[in-house]
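Let me begin by presenting the structure, written as structure tokens, before commenting on it.
The values are calculated or read from the model by the stated rules, or taken from the named source; none is laboratory data. Just so it is clear, the structure is predicted and the values come from calculations on it, not from any experiment. Positions of Cβ are generated from backbone atoms using ideal geometry, with glycine treated the same way; all protein chains shown enter the neighbour counts. Side chains included, ligands, DNA and RNA excluded: accessible areas come from the protein's heavy atoms. Shrake-Rupley method; radii C 1.70, N 1.55, O 1.52, S 1.80 Å.
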Amino acid sequence: MDTLSSELIVVRQLPEIEERLRTVKDSVIERVSAALAMVCTEDTLQSVKAERAKLRQEFGILEDQRKDAKRAVLEPYERFEAVYKECVSDTFQSADADLKKKIDDVESEIKRRCEDGLRSYFAELCAVHRLDWLSYEQAGVKVDMASARAKTPKLLREQLAAFVVRVSGDVDRIGDLEDAAEIMVEYQQTLDAAKAVCAVQNRRRRTEEQKAAQKNRVAARERVAEMVRRVEAMEAAAAVEAPEPVVVCSFIVKTSRSKLRRLKEFLNMEGIQYE
């Protein structure tokens, strides 16, 4: 096994390293198989531990050589890459970034002019359909370079026109509904007539449910209060109609004079007659 760990991985050429590794593959398999074939019992436990430690040591030596080989292979490439970056890639990438910014600046200006025209056209459409609350952003129109380069961006203008006409139609239909004003408040947020109607209907339903629940709570409190009033009235009437009977009893007190005086004071305070 000494041949496996004795300068196996020496950096000359990668194909040479690979070839040497392949020549020892069978030896490695044989070495590991022999270790795995050991029976581990209480009697052989220490032997198995020793064999495992030996395998780990041998593998560690080869791993160190592999890491050394990796560093040796990578160092020339890293030096080459640093020179390449300095001489080639930094220059190209810097130029590419500068050209991209110039292109983006010009295209952004072209798109801005196109969008300004579209916004003016959108404002005219809204004025015709009396939709002063509608915003250009709600149309969701995205200006692309093909449309921006055109003298008149026909496709985008058609999208804006179709959007405004749809909204105008929704507004007309909502105007014929009950609670039109409340529904319009919802519609202006979502531009979805069906959702706006459902939102108002659901809110109305929940409001009525809360009103009914509150009415039931008030009625329940009133019933409880009425029951309390009746019980109190019955107790008052019973107290008047059936006064507490007078009980006469005799007893002998054996105590000190001071305590007897306090007993007398207590009887007088409670209005209890005594002889």
SASA check, residue 102, accessible area w/ 1.4 Å probe, all protein chains in place, rounded to nearest 10 Å², comes out at 130 Å²
Partner lysines whose C-alpha sits under 21 Å from that of residue 102, ignoring same-chain residues fewer than 8 away, are 111
The lysines whose Cα lies under 29 Å from the Cα of residue 254, excluding any fewer than 8 residues away in the same chain, are 264
Averaged per residue, the 1.4 Å probe accessible area of the chain, protein heavy atoms only, in Å², is roughly 80 Å²
Put 174, 61 in order of accessible area, largest first, probe 1.4 Å, and you get 61, 174
If each K or R counts +1 and each D or E counts -1, the residues other than residue 257 whose Cβ falls under 14 Å of its Cβ total +4
When the charge dipole of the stretch 141-214 is computed with +1 on Lys and Arg Cβ and -1 on Asp and Glu Cβ about the Cα centre, the Cα farthest towards its positive end, among 187, 212, 202, belongs to 187
A 1.4 Å probe over the protein heavy atoms gives the chain a carbon and sulfur accessible-area percentage of 55 percent
Expected max-MSF residue from 147, 108, 27 in the GNM of the chain (alpha carbon, under 10 Å) is 27
Taking Lys and Arg as +1 and Asp and Glu as -1, residues besides residue 217 with C-beta under 12 Å from its C-beta add up to +3
The lysines whose Cα lies under 26 Å from the Cα of residue 67, excluding any fewer than 8 residues away in the same chain, are 25, 54, 85
Heavy-atom accessible area of residue 177, protein chains in place, probe 1.4 angstrom, given in Å² to nearest 10, is 80 Å²
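Between beta-carbons, use under 11 Å as the cut-off and find the net charge around residue 186, counting Lys and Arg +1, Asp and Glu -1.
Details: positive: 195, 203; negative: 179, 182, 192.
Residues close to residue 186 contribute a combined charge of -1.
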Check: C-alpha center the stretch 115-159 vs C-alpha center the stretch 61-97, spacing in Å is 53 Å
Ranking 92, 163 from most to least accessible area with a 1.4 Å probe gives 92, 163
Of 134, 36, 191, the most mobile residue in a GNM of the chain (C-alpha springs, cutoff 10 Å) is 36
